[in-house]
1. Please go through the range 206-220 and give me each residue that is β-branched (V, I, T) and within 15 Å of D93 (Cα to Cα), ordered by number.
2. Could you grab the pairs with beta carbons closer than 6 Å, sequence gap of 6+ or different chains, first residue in the range 33-49 and on the phi < 0 side of the Ramachandran plot, second one among the charged types (D, E, K, R) and in a loop (DSSP other than H, G, I, E, B)?
3. Anything in the range 114-149 that is without any contact (Cβ under 8 Å) to a residue 60 or more places away in the chain and either buried (at least 19 other Cβ atoms within 10 Å of the Cβ) or more than 23 Å from L100 (Cα to Cα) (or both)? List them, or say none.
4. Using beta carbons and a limit of 7 Å, which pairs, at least six apart or on different chains, have the first residue in the range 215-229 and more than 17 Å from V150 (Cβ to Cβ) and open to solvent by 50 Å² or more (accessible area, probe 1.4 Å) and the second one part of a helix (DSSP H, G or I) and of a type in the set (A, V, I, L, M)?
5. Within the range 79-113, which residues are without any contact (Cβ under 8 Å) to a residue 24 or more places away in the chain and either among the basic types (K, R) or touching a helix residue (DSSP H, G or I) at 6+ places or on another chain (Cβ under 8 Å) (or both)?
6. Could you grab me the full set of residues in the range 175-187 that are surrounded by fewer than 21 Cβ atoms within 10 Å (Cβ to Cβ) and among the aliphatic types (A, V, I, L, M)?
7. If you take the residues of the range 152-174 that are among the basic types (K, R) and part of a loop (DSSP other than H, G, I, E, B), which of them is most open to solvent (accessible area, probe 1.4 Å)?
8. Please work out which one of (1) more than 17 Å from the chain's Cα centre (by Cα); (2) hydrophobic (A, V, I, L, M, F, W, C); (3) buried (at least 16 other Cβ atoms within 10 Å of the Cβ) is the condition V190 fails and give its number.
Amino acid sequence: MPFSGEIHERVANAPAVPHGLPLVMLLTGFTDAGSAVSGLIDHLRESTSPQPLAIFDNDVLLDYRARRPVISFDQDHLAEFRPPRLELSLATDALGRPFLLLTGYEPDFAWNAFAETVLDLAAEFEASGLHWVHSIAMPVPHTRPIGTTVSGNRRDLVVSHSVWRPRTQVPATAGHLLEYRFAERGERVVGFVLLVPHYLAETENPEAVSAAAEKLMASTGLVLMLDAVQERRADYIARVDEQVAANDELQQMVHNLERRYDAYMAGRDPEDDSYDEGGFSERDLPSADELAAELERYLASRPSGDEDKPGRG
């Protein structure tokens, strides 16, 4: 049965929205390898001065028991309740240019109603198109640029940015549904799937955040401030490289991934070992879970005063 209630509330005294702005969508949920989406949401909420236009109803869209809100306990009393946020805002880039920003959790319920509401809001504001990004774990090395798979109807971006173009079926997200509905209506739409190294997928990876921002800038023409992200990225990569250099198994794994990555990008068969100078096989390597756990332990063991450590405590 179609959902018939209201799933959002318009913000009183919201700013006027110029017509023709790009709509950027960032939804956390099913996959967020390297915390690319959640990290970029946090960064844009701090750096783009978003002004809410519409707030979506958690009681309708969110499964609280699956994704419990955070409440703060202060010695002897509850001090702060912080429910998740899903909202459409008017934001500005580093040059002061406005854009529409849809950020927050992926809805657990009422996907069709959510998609119709976003489509209606985009039509009301005459949005110029939908641009979104999410990330998945892939067996690729961190020593190579984070690649993307591109979907949508922006052929220029597919040609220039899509390094992997599979034919497959994948579990859908609310973002996929919105892309599909926008394309059905003939709207301009592009989706970027970041291919994040699988052994770093469970860490907070500033390089993935930076890559997500760069793809959105390429598709929208916006300019986003990334200085803070780039500083964290340099420190993060240095620590990962330090750990890899100290572990023979990690070195072998990265070397093998580099070989396969370079072969694929050069159009060779990644399974052909004839050009593998190392002489080892994937059977000799630890699993992705073992590697991720090892890196997690290392990154989390850094001095407690380092607030930017990428490991999740």
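The values are calculated or read from the model by the stated rules, or taken from the named source; none is laboratory data. All of these numbers come straight from a predicted model, not from anything done at the bench. Backbone-built Cβ (ideal geometry, glycine too); neighbour counts: all protein chains shown. Heads up: the accessible areas ignore ligands, DNA and RNA and are worked out on the full protein's heavy atoms, side chains in. Shrake-Rupley method; radii C 1.70, N 1.55, O 1.52, S 1.80 Å.
1. Narrowing the range 206-220 to residues β-branched (V, I, T): 209, 220.
Of everything in the range 206-220, just one residue is β-branched (V, I, T) and within 15 Å of D93 (Cα to Cα), namely T220.
2. S38/D32
3. Within the range 114-149, G147, T149 meet the criteria.
4. V223/M217
5. Of the range 79-113, the ones without any contact (Cβ under 8 Å) to a residue 24 or more places away in the chain are 79-82, 96.
Within the range 79-113, R82 is the sole residue that qualifies.
6. At the first step, the residues of the range 175-187 found to be surrounded by fewer than 21 Cβ atoms within 10 Å (Cβ to Cβ) are 176-177, 180-181, 183-187.
Correct list: L177, A183.
7. To start, the set of residues in the range 152-174 that are among the basic types (K, R) comprises 154-155, 165, 167.
If we keep only those that are part of a loop (DSSP other than H, G, I, E, B) too, we end up with 154, 165, 167.
Values: R154: 27, R165: 138, R167: 233 Å².
Among them, the one singled out is R167.
8. Going through (1) more than 17 Å from the chain's Cα centre (by Cα); (2) hydrophobic (A, V, I, L, M, F, W, C); (3) buried (at least 16 other Cβ atoms within 10 Å of the Cβ) one by one, V190 breaks only (1).
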